[in-house]
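A.B. asks: Quick one: structure below, then a few questions.
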Amino acid sequence: MAGPNISWGAMLLTWPRLLGVYALHPVWPVHLSVSYDFPVEKRLWPLLLLIVVIAGLAWLLRDSDANIRLKIGNFEEAKRYYLISVSKRHN
């Protein structure tokens, strides 16, 4: 929910910067903080760029296999290996 000093439109325009910062942190973890102070964005181009990037990725992945697209693999097999590893640690 938007705070009292920011409109929903301004919040929507600020999301690309926020997502960019959080996407960059696993790659380049500098200046990490518990709380970030983002200026309210007033320009439309970052939001349009984010929409174009998401649409481009969706277009590139449109014909790929679901396991490659979502990187989930076989859930039952992963659960079995996890349970085996946990049972070996506790014996």
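The values are calculated or read from the model by the stated rules, or taken from the named source; none is laboratory data. Note that the structure is predicted; figures quoted are calculated from it, not measured. Counting neighbours? That spans all protein chains shown, and the Cβs are built from the backbone with ideal geometry, glycine included.
A.B. asks: Scan segment 8-29 and tell me whether some residue there is surrounded by 10 or more Cβ atoms within 10 Å (Cβ to Cβ), modelled with pLDDT of 80 or more and not in a helix (DSSP H, G or I).
C.D. replies: Yes, because at least one residue in segment 8-29 is surrounded by 10 or more Cβ atoms within 10 Å (Cβ to Cβ), modelled with pLDDT of 80 or more and not in a helix (DSSP H, G or I).
A.B. asks: Would you check which residues across segment 37-59 are assigned to a loop (DSSP other than H, G, I, E, B) and not hydrophobic (A, V, I, L, M, F, W, C) and list them?
C.D. replies: Answer for segment 37-59, where residues must be assigned to a loop (DSSP other than H, G, I, E, B) and not hydrophobic (A, V, I, L, M, F, W, C): Asp37, Pro39, Glu41, Lys42, Arg43.
A.B. asks: In segment 39-66, which residues are closer than 28 Å to Ile6 by Cα and in contact with a helix residue (DSSP H, G or I) (Cβ under 6 Å, 6 or more places away or on another chain)?
C.D. replies: Residues satisfying the conditions are Val40, Glu41, Pro46, Leu47, Leu50.
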